[in-house]
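> I have a structure I would like to understand better, so I am pasting it below and will then ask my questions one at a time.
The values are calculated or read from the model by the stated rules, or taken from the named source; none is laboratory data. These numbers come from a predicted model, not from an experiment. Here the Cβ positions follow ideal geometry from the backbone for every residue, glycine too, while neighbour counts run over all protein chains shown. Surface accessibility is based on the protein's heavy atoms, side chains included, excluding ligands, DNA and RNA. Shrake-Rupley method; radii C 1.70, N 1.55, O 1.52, S 1.80 Å.
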There are 2 protein chains.
Amino acid sequence: MPKIGMEPVRRKALIDATISAIGERGSLDVTMSEIAGRAGVSSALAHHYFGAKDELLFATMRHILTELNVDTRRALHSAGTARERVSSVVAVSFSDDQFQPEIIAAWLAFYVEAQKSTELRRLLRIYARRLHSNLMSGLTGILLRNEADRVAETTAALIDGLYIRRALKDGVPDAQTAIALVEDYLETKLNGRSLP
Amino acid sequence: MPKIGMEPVRRKALIDATISAIGERGSLDVTMSEIAGRAGVSSALAHHYFGAKDELLFATMRHILTELNVDTRRALHSAGTARERVSSVVAVSFSDDQFQPEIIAAWLAFYVEAQKSTELRRLLRIYARRLHSNLMSGLTGILLRNEADRVAETTAALIDGLYIRRALKDGVPDAQTAIALVEDYLETKLNGRSLP
DNA sequence: TTTTTTATTGACGCATCAATCAATAAAAAA
DNA sequence: TTTTTTATTGATTGATGCGTCAATAAAAAA
């Protein structure tokens with residue numbers, strides 16, 4: 001009993017299923033059948049809509065990146081001062097939507113996969129550049145360009161590092177603590193300083 | 001023409017081959033044949049000495065961890081002040097032996113694999129705890145325990161984050177820059193301060 | 001010298017999966 | 001009403017790769 005207009009519904013369901021499967025397995029080593037099963041369809045249908053497994057994985061990573069971008073833009077929009085812009089970028093990275101086991105596992109797994117796939121590497125570089133640029137959008141109002149660059153680089157690395165440690169479920173248990181560490185760094189680096 | 005006493009030689013060769021194979025592929029998705037080929041033996045021999053692929057991978061990670069530990073102990077041994085102890089731990093993390101593409105790719109891949117394997121996760125936690133404790137061995141001479149803990153946590157996350165960014169071959173190109181960023185953080189966090 | 005141990009491999013079985021395809025059926029268009 | 005398009009799957013194929021095993025041979029022990 002096929003209903004018409006199922007394509008977007010299935011695509012969404014398959015991408016969600018991919019994220020949750022990756023989250024549970026902790027790696028991209030999930031079968032198409034597993035994913036399709038979670039989405040309530042056959043593996044043949046997954047192939048029908050995405051062609052190959054690579055493309056489904058790629059679409060999934062793009063989806064995660066898009067969500068992050070949407071959240072970040074919203075947060076930046078409602079940030080007043082330059083200092084608040086920086087904090088809002090950090091806050092989004094550790095928000096409930098982003099800093100959850102499933103998403104973190106996916107990030108980690110995709111970082112590894114990016115070693116093989118040129119397209120995925122391209123995608124992750126876009127993320128890295130966006131993060132840098134978003135941080136800079138606040139930092140350039142507080143520090144000189146040169147110093148701002150270094151602080152942005154460090155903050156980005158710090159965020160990535162805290163993600164990894166969360167994946168290992170060791171140290172830094174919650175988002176609260178993670179934010180506190182990054183903010184502590186930013187405070188000691190920015191406090192009292194402001195461009196004329 | 002089998003010579004006697006080959007076991008340790010083969011084990012070493014197979015582990016080295018595993019590292020270089022992982023380095024090239026960028027993931028643990030390397031076949032036993034590929035590894036064995038690089039080591040100049042048949043895949044059957046690899047199975048003979050290591051039993052299963054899991055065990056070869058496990059032995060490889062343990063080897064990397066052991067090397068890192070040896071280097072770190074040596075560095076700590078020749079460090080005078082507390083401040084120098086901290087810097088020496090950082091320096092080893094980005095030394096030529098550790099901060100090379102092959103090893104970094106392996107770290108990343110093993111982080112992912114640790115999601116599946118309990119034993120591997122245990123191993124990586126040992127590393128995390130050692131790193132923390134090594135950093136603390138210097139920091140406790142400079143900061144109060146509470147603050148030292150936070151700085152150690154941040155420094156560890158920063159190191160991990162810089163590793164990842166290196167893996168993506170984007171930003172932070174060389175070890176020199178990576179060290180500079182970590183040291184810059186430590187400076188702003190430690191300078192002028194010292195326990196009575 | 002015979003036996004046991006150590007080193008080594010080619011061939012093979014077996015399981016897993018990605019991807020394809022033919023078949024079925026409902027909706028929409030002609 | 002006939003035809004085409006869209007949705008869907010069970011069955012199958014083909015490839016890949018781990019792990020095993022019997023066979024070979026040299027060294028060491030008996």
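> Would you mind checking which residues have amide H under 5 Å from residue B:26's amide H? H placed 1.01 Å from N; only 5 or more apart, or other chain.
none
> For peptide B:110-122, how many partner chain Cβ atoms fall within 10 Å of a residue's Cβ, on average?
That works out to 4 on average.
> Rounded to a whole number of µm²/s, how large is the Stokes-Einstein D of the protein assembly as shown at 37 °C and 0.692 mPa s, given Rh as the Kirkwood radius over C-alpha pairs?
My calculation gives 146 µm²/s for D.
> Separation of the stretch A:74-105 and the stretch A:1-73 by C-alpha centroid, Å?
One Cα centre to the other: 25 Å.
> Once you charge only the Cβ atoms, +1 for Lys and Arg and -1 for Asp and Glu, what is the size of the charge dipole of the stretch A:7-190 about its Cα centre, to the nearest 20 debye?
500 debye
> Using just the helices of chain B, give the 222 nm mean residue ellipticity in deg cm²/dmol: DSSP H runs with n ≥ 4 each add -39,500 (n - 2.57), and the total is spread over all residues, rounded to 500.
That calculation yields -25000 deg cm²/dmol at 222 nm.
> Taking the full set of protein chains and a 1.4 angstrom probe, give the accessible area of residue B:67 in square angstrom, rounded to the nearest 10.
Solvent-accessible area, nearest 10 Å²: 90 Å².
> Remind me, relative contact order of the stretch A:7-190 in percent, using alpha carbon pairs under 8 angstrom and six or more residues apart?
22 percent
> Once the convex hull of the C-alpha atoms of the stretch A:7-190 is built, how many Å³ does it hold per residue, rounded to a whole number?
113 Å³
> Still on this model: As an exercise, use a Förster radius of 30 Å and the Cβ-Cβ distance of residue B:47 and residue A:116 to find the FRET efficiency, rounded to the nearest 0.05.
0.75
> For peptide A:25-38, what's the mean number of Cβ atoms from other chains within 10 Å of each residue's Cβ?
Averaged over the peptide's residues, the number is 2.
> Between residue B:170 and residue B:9, what length comes free when the chain is fully extended (0.36 nm per residue of separation minus the Cα-Cα distance, one decimal in nm)?
54.2 nm
> In the stretch A:88-179, with Lys and Arg counted as +1 and Asp and Glu as -1 at Cβ, which of these residues, A:162, A:109, A:178, has the Cα nearest the positive end of the dipole, that is, farthest along it?
A:109
> Along Cα→Cβ, 7 Å out, is where each label goes; now give me the distance between the ones at residue A:95 and residue B:144 in nm to one decimal.
3.5 nm
> Which whole number gives the average count of other chain Cβ atoms within 10 Å of the Cβ atoms across peptide B:181-190?
3
> Where does the stretch A:93-161 land on the Kirkwood hydrodynamic radius, alpha-carbon pairs, in angstrom?
Answer for the stretch A:93-161: a Kirkwood hydrodynamic radius of 13.2 Å.
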